[in-house]
Amino acid sequence: MTSRVKPWTVRGTRYLIRERWLTARVDDCVTPAGVSADYYVLEYPGWANVVALDGEDHVILVRQYRHALGDVSLELPCGVIEPGESPIEGAARELLEETGYGDASRLTLVASLSPNTATHTNLTHTVLAESVSLIGAPADDGVEVLDVERVPYREALELATSGAIMQAAHVAALILGLRAAGKIEL
């Protein structure tokens with residue numbers, strides 16, 4: 001079967017903002033049907049979301065203020081993958097920085113998904129960190145202030161499916177990570 005779906009042609013690009021955490025551009029596009037359209041694109045670096053399980057099958061979560069939401073949010077440890085890092089390296093670094101947990105017996109890249117295929121250029125990577133242990137204190141930089149919570153995995157799953165964990169990419173990551181760890185079946 002031949003698909004009617006074809007890529008658009010980009011005639012030009014104009015950048016609206018270029019900052020460390022956000023780059024916004026507008027592409028001058030022409031669709032295969034010949035329709036001209038401006039399309040707005042958000043360029044972000046890759047992100048790593050960490051599903052960290054300790055030796056007692058507790059998930060390590062963080063609670064932090066999220067300014068765009070205007071509220072405190074319960075989430076997985078996560079963050080930007082730095083230049084030169086693999087998703088697994090970025091996940092291990094973020095887990096240690098945000099929670100003080102590390103020394104995983106195994107780190108597995110579970111999935112690499114788009115947070116929003118319509119507007120974002122990056123991928124969000126889900127990494128499963130198994131048998132983590134507390135090896136230090138979380139790094140507190142005064143901006144990203146976090147409370148670390150250790151929650152039984154079944155309770156974490158309930159928090160995700162009840163809306164207590166609101167970040168959609170984290171809900172998906174938790175489910176995929178727990179599945180990869182053999183804790184749940186889909």
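The values are calculated or read from the model by the stated rules, or taken from the named source; none is laboratory data. What you see is a predicted model, and the numbers here were worked out from it, not measured in a lab. Cβ placement follows ideal geometry from the backbone for every residue including glycine, while neighbour counts extend to all protein chains displayed.
Does segment 128-137 contain at least one residue that is farther than 12 Å from ASN49 by Cα, at pLDDT below 95 and not basic (Lys, Arg)?
yes
So how many residues does segment 42-86 have that are touching a helix residue (DSSP H, G or I) at 6+ places or on another chain (Cβ under 9 Å) and among the charged types (D, E, K, R)?
4
Does GLY70 meet the test of being surrounded by fewer than 17 Cβ atoms within 10 Å (Cβ to Cβ) and of a type outside the set (D, E, K, R)?
Yes: the conditions hold for GLY70.
Identify the single condition in (1) of a type outside the set (Ser, Thr, Tyr); (2) under 25 Å from ARG154 (Cβ atoms); (3) in contact with a Ser or Thr (Cβ under 6 Å, 6 or more places away or on another chain) that TRP47 does not satisfy, given that it satisfies every other one.
TRP47 satisfies all of (1) of a type outside the set (Ser, Thr, Tyr); (2) under 25 Å from ARG154 (Cβ atoms); (3) in contact with a Ser or Thr (Cβ under 6 Å, 6 or more places away or on another chain) except (2).
Residue check: is ARG25 touching a strand residue (DSSP E or B) at 6+ places or on another chain (Cβ under 9 Å), surrounded by fewer than 12 Cβ atoms within 10 Å (Cβ to Cβ), in a strand (DSSP E or B) and not assigned by TED's automatic domain parsing to the domain that holds ASP141? Write out each step before concluding.
Values: touching a strand residue (DSSP E or B) at 6+ places or on another chain (Cβ under 9 Å): yes; surrounded by fewer than 12 Cβ atoms within 10 Å (Cβ to Cβ): no; in a strand (DSSP E or B): yes; not assigned by TED's automatic domain parsing to the domain that holds ASP141: yes.
So ARG25 fails the test.
Taking segment 102-157, which residues are of a type in the set (Ser, Thr, Tyr), closer than 26 Å to ASP71 by Cβ and in a loop (DSSP other than H, G, I, E, B)? Walk me through it before giving the result.
Initial filter on segment 102-157 (of a type in the set (Ser, Thr, Tyr)): 105, 108, 112, 114, 117, 119, 121, 124, 126, 131, 133, 153.
When the remaining residues are screened for being closer than 26 Å to ASP71 by Cβ, the result is 114, 119, 124, 126, 153.
Answer for segment 102-157, where residues must be of a type in the set (Ser, Thr, Tyr), closer than 26 Å to ASP71 by Cβ and in a loop (DSSP other than H, G, I, E, B): SER114, THR119.
Residue by residue through segment 36-56, note down the ones that are more than 19 Å from GLU98 (Cα to Cα) and not small (Gly, Ala, Ser).
ASP38, TYR39, TYR40, VAL41, LEU42, GLU43, TYR44, GLU56
Name the single residue, out of those in segment 122-166 being within 30 Å of VAL26 (Cα to Cα) and crowded, with 16+ Cβ neighbours inside 10 Å, that is nearest to the chain's Cα centre (by Cα).
Taking the candidates together, the pick is THR124.
Residue-by-condition table, conditions (1) among the hydroxyl-bearing types (Ser, Thr, Tyr); (2) out of contact with any Cys (no Cβ under 6 Å at 6 or more places or on another chain); (3) assigned to a strand (DSSP E or B); (4) buried (at least 17 other Cβ atoms within 10 Å of the Cβ):
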| position | (1), (2), (3), (4) |
| --- | --- |
| LYS6 | no, yes, no, no |
| ARG20 | no, yes, no, no |
| GLY34 | no, yes, no, no |
| TYR39 | yes, no, yes, no |
| LEU53 | no, yes, yes, yes |
| LEU74 | no, yes, yes, yes |
| PRO83 | no, yes, no, no |
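Residues are listed down the side, and each one gets a yes or a no for (1) in the same structural domain as LEU95 (by TED's automatic domain parsing); (2) free of Cβ contacts under 8 Å to residues at least 40 places away in the same chain; (3) within 23 Å of PRO115 (Cβ to Cβ):
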{"position": "ALA129", "(1), (2), (3)": "yes, no, yes"}
{"position": "ALA139", "(1), (2), (3)": "yes, no, no"}
{"position": "ASP147", "(1), (2), (3)": "yes, no, no"}
{"position": "ALA160", "(1), (2), (3)": "yes, yes, yes"}
{"position": "GLN167", "(1), (2), (3)": "yes, no, yes"}
{"position": "ILE175", "(1), (2), (3)": "yes, yes, yes"}
{"position": "LEU186", "(1), (2), (3)": "no, yes, yes"}
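For the subset of segment 85-103 comprising residues that are more than 19 Å from VAL171 (Cα to Cα) and touching a Gly at 6+ places or on another chain (Cβ under 6 Å), which member is surrounded by the fewest Cβ atoms within 10 Å (Cβ to Cβ)?
So, considering only residues that are more than 19 Å from VAL171 (Cα to Cα) and touching a Gly at 6+ places or on another chain (Cβ under 6 Å), the one surrounded by the fewest Cβ atoms within 10 Å (Cβ to Cβ) is GLY100.
Would you be able to tell me the number of residues in segment 94-125 that are within 21 Å of ASP147 (Cα to Cα) and in contact with a helix residue (DSSP H, G or I) (Cβ under 6 Å, 6 or more places away or on another chain)?
Summing the residues that are within 21 Å of ASP147 (Cα to Cα) and in contact with a helix residue (DSSP H, G or I) (Cβ under 6 Å, 6 or more places away or on another chain) in segment 94-125 gives 2.
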